[in-house]
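Asks: Quick one: the structure is below, questions incoming.
The values are calculated or read from the model by the stated rules, or taken from the named source; none is laboratory data. Small disclaimer: the values here were computed from a predicted structure and weren't measured. All Cβ positions, even for glycine, are placed from backbone atoms using ideal geometry, and neighbour counts span all protein chains on display. To get the accessible areas, we keep the full protein, side chains included, count just its heavy atoms, and leave off ligands, DNA and RNA. Shrake-Rupley method; radii C 1.70, N 1.55, O 1.52, S 1.80 Å.
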Amino acid sequence: MKKKFVINAFISSPANRARTTTQLMMQEMKMKDNQLIIVPELYHAPPSVMLDAINNAPNEYSTIAIVCHNPGITVFANMIKELSIDNVPTCGVLVLKADVHQWDEVSEENLVYEFFDYPKNSL
C-alpha cells in the first residue's frame with residue numbers, strides 16, 4: 001500500500017550520504033534549496049539531539065522530515081509509546097505526528113506513530 005504525505009522541509013545530517021539522499025528526494029519532489037536545513041549535530045546523534053532539531057524547526061513548515069543515522073534513529077523510534085522497531089534501515093521512513101501548534105512543543109510524550117516502511121519491506 002502506498003502512503004501519501006507532504007513534506008515541507010528536510011532537516012539533514014551533513015554527512016555526504018544523508019545530504020545526497022535528501023537532495024535527491026527534494027529534487028524528485030521539486031522542492032527548493034531553502035527547504036533543506038543542515039544540522040551538523042545530527043551526525044551520529046542521540047535521540048535528544050534529534051528532538052532538539054525538531055524543536056528548533058522553523059514554524060513556517062507544518063511537516064518536516066529528518067534524515068539522520070543509526071543507531072540514534074532506531075533508539076529515537078523506540079522512545080515512542082507502544083512502538084518497537086528492531087532497526088530503522090537505510091532509507092527507512094518513520095512517520096510520526098504531534099498535535100501541537102509549534103515545533104518547540106513536540107516531546108516524546110506527544111509524538112504518535114503513523115507508519116513505518118522501508119524499501120525491502122515489499123519484497
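Asks: Please compare each pair in Lys4/Lys30; Lys4/Lys97; Lys30/Lys97 to a cut-off of 20 Å on the Cα-Cα distance and tell me which ones are over it.
Replies: Working: Lys4/Lys30 16 Å; Lys4/Lys97 14 Å; Lys30/Lys97 23 Å.
Too far apart for the 20 Å limit: Lys30/Lys97.
Asks: Going by accessible area, probe 1.4 Å, with all protein chains left in place, what is the ranking of Ser107, Ser48, Ser13, largest first?
Replies: Details: Ser107 30, Ser48 70, Ser13 0 Å².
Accessible-area ranking of Ser107, Ser48, Ser13, largest first: Ser48, Ser107, Ser13.
Asks: What's the Kirkwood radius of region 25-97 in Å, using all Cα pairs?
Replies: Details: mean 1/r = 0.0748 Å⁻¹.
Every distinct Cα pair counted, the radius reaches 13.4 Å.
Asks: In square angstrom, rounded to the nearest 10, how much accessible surface does Val6 have for a 1.4 Å probe?
Replies: Surface open to solvent at Val6 totals about 100 Å².
Asks: Sticking with the crude label model, points 7 Å out along Cα→Cβ, report the distance from Val75 to His101 in nm, one decimal please.
Replies: 3.4 nm
Asks: Taking 2.2 N^0.38 Å as the expected size of a compact globular protein, what ratio does the Cα radius of gyration of the chain give against it, to two decimals? Provide the component values of the computation, followed by the final result.
Replies: Details: Rg = 13.6 Å, N = 123, 2.2 N^0.38 = 13.7 Å.
Dividing the Cα radius of gyration by 2.2 N^0.38 Å gives 1.00.
Asks: Keeping every protein chain in place, order Leu96, Leu24, Leu42 by accessible area at 1.4 Å, biggest value first, i.e. largest first.
Replies: Greatest to least solvent exposure: Leu24, Leu96, Leu42.
Asks: If you place +1 on the Cβ of every Lys and Arg, -1 on the Cβ of every Asp and Glu, and leave all else neutral, what size is the dipole of the chain about its Cα centre, to the nearest 20 Debye? It would help to have the intermediate numbers written out before the result.
Replies: Working: 10 positive and 14 negative charges, 134 e Å.
Here the chain has a charge dipole of around 640 debye.
Asks: Sorted by accessible area (1.4 Å probe), largest first, how do Lys32, Lys4, Lys97 line up? Show your work: numbers first, answer last.
Replies: Details: Lys32 140, Lys4 190, Lys97 115 Å².
The ranking, largest first, comes out as Lys4, Lys32, Lys97.
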